[in-house]
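J.: Handing you a structure now.
Just so you know, all these numbers are worked out from the coordinates, no wet-lab data involved. These numbers were taken from a predicted model, which means no experiment stands behind them. Don't worry about glycine lacking a Cβ; one is built from the backbone with ideal geometry, like all the others, and counts go over all protein chains shown.
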Amino acid sequence: MSDTSNLVLVIGGTGAQGVPVVKALASGSTYSVRVLTRNASSKEATELAAIPRVTVVEGETYHEPTLREALKGVSYVFANTNGFALGEKGEIYWGIRLYELACEARVKHFLYAGLEYASKLGNFDPKYRTGHLDGKGKVVDYISHQPTSRMAWSILTSCMYMEGLSETLRPFPDPDDPDTMVFPAPLGDAKLPLIYLEDYGAYARWMLDNPARSNGLELHVGTEDIAWKDLAAVFTAVTGIKAVYKDVSLDEYFQLGLWPDPDAKLGHSTSRDDPTLFTVRENFSGFWNTWKDSLTKRDYQLLDDILPTRVKSVREWMEKTGYKGQRASVLKDRRDATGKK
Ligand SMILES: NC(=O)c1ccc[n+]([C@@H]2O[C@H](COP(=O)([O-])OP(=O)(O)OC[C@H]3O[C@@H](n4cnc5c(N)ncnc54)[C@H](OP(=O)(O)O)[C@@H]3O)[C@@H](O)[C@H]2O)c1
């Protein structure tokens, strides 16, 4: 039995984003962590359960009686809902409902894994409409309007994972010159922020350790905002492998084969008949337009102050991790989908 005096319930703890949060919270002896998963026997859940001070409980995340049970004895919550499973509508509902259930359970501090509210940042121009950003963004708006006295809250607003450079952001060999790697993106000259996930976990830990500063704070995290031509140059400098950036149109982007069917609807755990669901093409067109038009901003001085040891550049990350453009699995959802085929 884990000690429940400083117990953190982590929602989405088996995912790419949740695993480093669980590890950061379980390190040392301040907190113990409860991870809710649909399958306690999965590789991810089994690995987490082997960490001291981590307990895995099985049940559906998006199910009120399960959540009430999981919240028993909990002092803190970290919640990363899965927008790609739920769709925008479900993500708004469950984000707000999780906040409410945490209040009901007398949780001390609620951490919400936010994303940028793209539509609002773009004055509701439909070209920025992105289901998985707008869904979390609306929940961020809701939480930001809650008092900090009833239950402390903090929001950790992130961006694309640096680790995605091995998955959906990975480079491809140039068919005409296989010694050159091509980083394609529909980004123009804009800079894209990327976040190193181990540091993401450390920011979550900082939030629980420092409520005097983090209560009522929305922290926009990133490692570096980088232009894709600079990404290719850094890659060459670190690995010695020739690389170029290819600025592609959205149509070209969806032909890269990153998604089996760009016109399939996103929201794999909900009814595909829901007319509010986005197709991959609709969703990620808004997504890339948001970054291409530089609608978001991070305060790197503040991030240096909060986490002086943070990885500060893509270059540092490549050197630290030995990145060479190799393909690697990042998202659990993708692994699960491949396993089902
Ligand atoms: N990809 C990125 O660069 C990025 C960046 C920032 C934010 N995000 C956001 O992060 C969220 C996804 O989390 P992730 O990146 O950690 O993804 P992931 O690696 O694919 O993990 C998915 C997580 O969702 C949980 N989950 C609970 N109920 C689920 C259901 N019915 N169907 C599918 N999964 C369910 C899974 O838990 P079990 O399988 O153990 O139940 C697992 O912990 C999305 O909302 C996405 O917008 C992604």
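J.: Just to verify a result, which residue in segment 72-85, among those that are in contact (Cβ under 8 Å) with a residue 40 or more places away in the chain and more than 7 Å from the ligand (Cβ to nearest atom), is surrounded by the most Cβ atoms within 10 Å (Cβ to Cβ)?
T.: Step by step, filter segment 72-85, then rank; the result is F78.
J.: When the residues of segment 86-106 are filtered to those that are in contact (Cβ under 8 Å) with a residue 60 or more places away in the chain and either β-branched (V, I, T) or closer than 19 Å to P275 by Cα (or both), which remaining residue is farthest from the ligand (Cβ to nearest atom)?
T.: K89
J.: Something else about it: Output the residue which, of all residues in segment 11-48 that are near the ligand (Cβ under 10 Å from one of its atoms), part of a loop (DSSP other than H, G, I, E, B) and not hydroxyl-bearing (S, T, Y), is farthest from W94 (Cα to Cα).
T.: Top of the filtered list is A40.
J.: Shifting gears a bit: What single numbered condition from (1) in contact with a Ser or Thr (Cβ under 8 Å, 6 or more places away or on another chain); (2) of a type in the set (V, I, T); (3) not in a loop (DSSP other than H, G, I, E, B) fails to hold for V330?
T.: Among (1) in contact with a Ser or Thr (Cβ under 8 Å, 6 or more places away or on another chain); (2) of a type in the set (V, I, T); (3) not in a loop (DSSP other than H, G, I, E, B), V330 violates only (3).
J.: Right, another one. Here is a list: R106, R97, R38, R34. Which entry is of a type in the set (K, R) and surrounded by 20 or more Cβ atoms within 10 Å (Cβ to Cβ)?
T.: R34
J.: Restricting the search to segment 233-282, which residues are in a helix (DSSP H, G or I) and either in contact (Cβ under 8 Å) with a residue 40 or more places away in the chain or within 16 Å of the ligand (Cβ to nearest atom) (or both)?
T.: Scanning segment 233-282 gives V234, F235, A237, V238, T239, L250, E252, Y253, V280, E282.
J.: Among the residues of segment 54-69, is any in contact with a Phe, Trp or Tyr (Cβ under 7 Å, 6 or more places away or on another chain) and within 9 Å of the ligand (Cβ to nearest atom)?
T.: yes
J.: Also: What pairs come up if the first residue lies in segment 113-140 and is within 18 Å of P186 (Cβ to Cβ), the second is assigned to a loop (DSSP other than H, G, I, E, B) and more than 16 Å from the ligand (Cβ to nearest atom), and their beta carbons are under 6 Å apart, counting only those six or more places apart or on different chains?
T.: Once the first residue is within 18 Å of P186 (Cβ to Cβ) and sits in segment 113-140, its partners that are assigned to a loop (DSSP other than H, G, I, E, B) and more than 16 Å from the ligand (Cβ to nearest atom) give Y128/G122.
J.: Further question on the same structure: So which residues in segment 56-70 are aliphatic (A, V, I, L, M), surrounded by 20 or more Cβ atoms within 10 Å (Cβ to Cβ) and within 13 Å of V35 (Cβ to Cβ), if there are any at all?
T.: V56, A70
J.: Quick one: count up the residues across segment 289-299 that are more than 16 Å from the chain's Cα centre (by Cα) and either without any contact (Cβ under 8 Å) to a residue 12 or more places away in the chain or assigned to a helix (DSSP H, G or I) (or both).
T.: Residues meeting the conditions: 3.
J.: Of the residues that make up segment 64-73, is at least one more than 22 Å from the chain's Cα centre (by Cα), over 22 Å from A202 (Cβ atoms) and among the acidic types (D, E)?
T.: Yes, segment 64-73 contains a residue that is more than 22 Å from the chain's Cα centre (by Cα), over 22 Å from A202 (Cβ atoms) and among the acidic types (D, E).
J.: With the condition being away from the ligand (no atom under 14 Å from the Cβ) and small (G, A, S), I'd like the strands (runs of 3 or more DSSP E) fully within segment 126-232 carrying at least 2 qualifying residues.
T.: Correct list: 152-157.
J.: Please go through segment 126-139 and pick out each residue that is surrounded by fewer than 21 Cβ atoms within 10 Å (Cβ to Cβ) and over 18 Å from the mean Cα position of the chain (by Cα).
T.: P126, K127
J.: Can I ask one more? Just to be sure before I move on: is Y142 under 15 Å from the mean Cα position of the chain (by Cα) and among the hydroxyl-bearing types (S, T, Y) in the structure I sent?
T.: Answer is no for this residue.
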